[in-house]
Amino acid sequence: VTLSLEEQIRQVADAAFEQTTAVRPDESDTKPKVARSRTRGRWIVLVAASVLAIALVGALSVIGGTANSPISPVDSPTPSPTSGATVTEPPPTTPPLPVPPDFSEEFSALGMLAEIPLAAYRPDVGGRVEGTDFATISEISGVARPANANVAAERDWFDVLFDPEAVALTTPFLLYPDTEKLQDYEQELGYGFLDIDRFAAASTFVSTDPIDPIDVVALRREIELLADEAGDDQIVDIGSGPDGQRNLDDRTPLRPIGQPLRLGIDEQRSMISISRSTPIVSAWLNPESPTLFDVPDLAAAAAALDLDEELYSAEIETIDRDIASYELDLPESEFLIVEEFSTVGLGWSGFGDNQRTTIVYVFADEEAASASVQPIESLYALDAEVHNPNGIQLDEVDVVGDAFLVDEVTAFGRTVVVSGHANIDRRLSSIRDLFLASPTLIAHR
Amino acid sequence: MFVRDAEPRLRRALLGAVGADRVEDAVGEALAYAFEHWARVEPMVNPVGYLYRVGQSKSRPRKRLRLFRREPVTLPNVEPGLSEALAALPESQRAAVWLAHGCDWSHSEIAETLDVSTSTVATHVSRGLARLRLEMGAPA
């Protein structure tokens, strides 16, 4: 071979190009425009959603506190794809779990669980696991993600990302996408929110304060520079001092009280974990560590959410029995779900007019799930009254159908899956509001 | 007129980004986007660069990328395995190398398209070529 490498690349490109076919699209072959008008106040919406989600955990704790056991990290029905944990017999009515695609390549709720080390979860308290695939949102919306902060395309991207009528999503805990801080994050970490293809995050709530939350992010760019900084333990320290130590002389937008962050680096998968806890990051780096995939109730919820193959965002919440954030003053007859459930999952897929929402309840066994289909159908009936005992502000939502329309309620193993979509002109995440305004939706006797 | 001029350039550029299996879909999506947002695209100095990103975003490959639809392809004067090594480069390096040496784009055009600085483009090209030389067994 006498050609230079550059000339050879040109030859390869010529030959490969010759195998392609010219594209002559019909001008009528376009997709409907996406409404992007409601961008004002998007941060308020997100903050409100976050607060509501936190309150949801509290509501679950009060309502479900009578009989539900907190999820225990007992044996997994199938081995975790990352842990190889020892397994025992699965619950008799649990469908076998599929092995999810690697989270660095594709989003799934089960893959999301497999990225969260069990060390980041307290079964005695419960908590929330969530994730979103920004790459998929870009695909389905047709809006390209900008390569870095403060470019013209950023506005288009964020208009889509935070258009509550177009998409519903969860956001990372530690890398919250505050437009004012995107550049600061990039400067401090070497990458930023815009580089994240997808994330998985978990936090355990004690009161409203998360304990050692973890963000696990799959990036669309190389992390070799970060990898070079990491020591033999594959961890990069951002800030100084022991875990959790506050240092007000070393505050940054990412570390508002100066606590050091630990970054676990997986160069091969272009993934990073971020936490204030070295043990949690170390557990994420150890492929033998058990993960939340090994927690049966969480996995059951995730598997049901993954029935929607186009899922791009999910959250799974469990009950904190010790929290008593507020009381409900409703007669027991209002609580239509008699059987106990431990976990609620939420998932979103599709875009614009094709958006879909999935709600999953995890029961103890298949019999309990089957028995709960009809009561749950009644709960989500279009004319089901929204009691709103807590005075949640929900404009013009007097019945469930004003905000959420159910397509189907089915039993899947020991879960009940509610498939539906937000009512026109409602935020896709309005189901969260409904949970608070009509807490019997997530309550059992 | 726009499609006639832009389509081949866009298709060649996107081939290196999304691979032979998805390139026509990516081009179709990008051109559909251009029609839909023509008022925004038309005044652009480098609409192909913008549509490259649209097509790349819409057709993000999830499997291993390949540059040739019909393989194996043996090219005279080309080291065996070069196309595979190109396809296996990290995304940013592959994009920079492909656009620079496979499509003859200038570094400033690439920088604008990928939304990075020209020095970053130069770094990606340099590292990409070095990695290819390493893969091909040539001195870096």
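The values are calculated or read from the model by the stated rules, or taken from the named source; none is laboratory data. Because the structure is predicted, anything quoted here is derived from the model rather than measured. Heads up, the Cβs are rebuilt from the backbone with ideal geometry, glycines too, and the neighbour counts pull from every protein chain shown.
Quick notes on this structure:
- Scanning segment A:247-266 for residues that are farther than 20 Å from residue A:193 by Cβ and surrounded by 14 or more Cβ atoms within 10 Å (Cβ to Cβ) yields A:247, A:250, A:258, A:260.
- Enumeration of residues in segment B:67-90 that are under 22 Å from residue B:52 (Cβ atoms) and facing chain A (nearest Cβ under 9 Å): B:67, B:68, B:69, B:83, B:86, B:90
- Looking across segment B:91-140 at every residue that is outside any helix (DSSP H, G or I) and surrounded by fewer than 16 Cβ atoms within 10 Å (Cβ to Cβ), the one that is farthest from the other protein chains (Cβ to nearest Cβ) is identified as B:106.
- Being in contact with a helix residue (DSSP H, G or I) (Cβ under 8 Å, 6 or more places away or on another chain) and without any contact (Cβ under 8 Å) to a residue 12 or more places away in the chain is a condition met by no residue of segment B:122-132.
- Qualifying residue in segment B:29-49 (condition: buried (at least 19 other Cβ atoms within 10 Å of the Cβ), out of contact with any Phe, Trp or Tyr (no Cβ under 8 Å at 6 or more places or on another chain), more than 9 Å from chain A (Cβ to nearest Cβ) and at pLDDT 80 or above): yes
- Helices (runs of 4 or more DSSP H) wholly inside segment B:1-50 containing at least 2 residues that are closer than 12 Å to residue A:23 by Cβ: B:2-18, B:23-36
- Of the helices (runs of 4 or more DSSP H) entirely within segment A:89-190, those holding at least 1 residues that are modelled with pLDDT of 75 or more and under 18 Å from the mean Cα position of the chain (by Cα) occupy A:109-114, A:134-141, A:152-161.
- Residue A:242 being in a loop (DSSP other than H, G, I, E, B), within 27 Å of residue A:126 (Cα to Cα) and touching a helix residue (DSSP H, G or I) at 6+ places or on another chain (Cβ under 9 Å): yes
- Considering residues of segment B:1-28 that are at pLDDT below 85 and within 10 Å of another protein chain (Cβ to nearest Cβ) only, the residue farthest from residue A:140 (Cα to Cα): B:4
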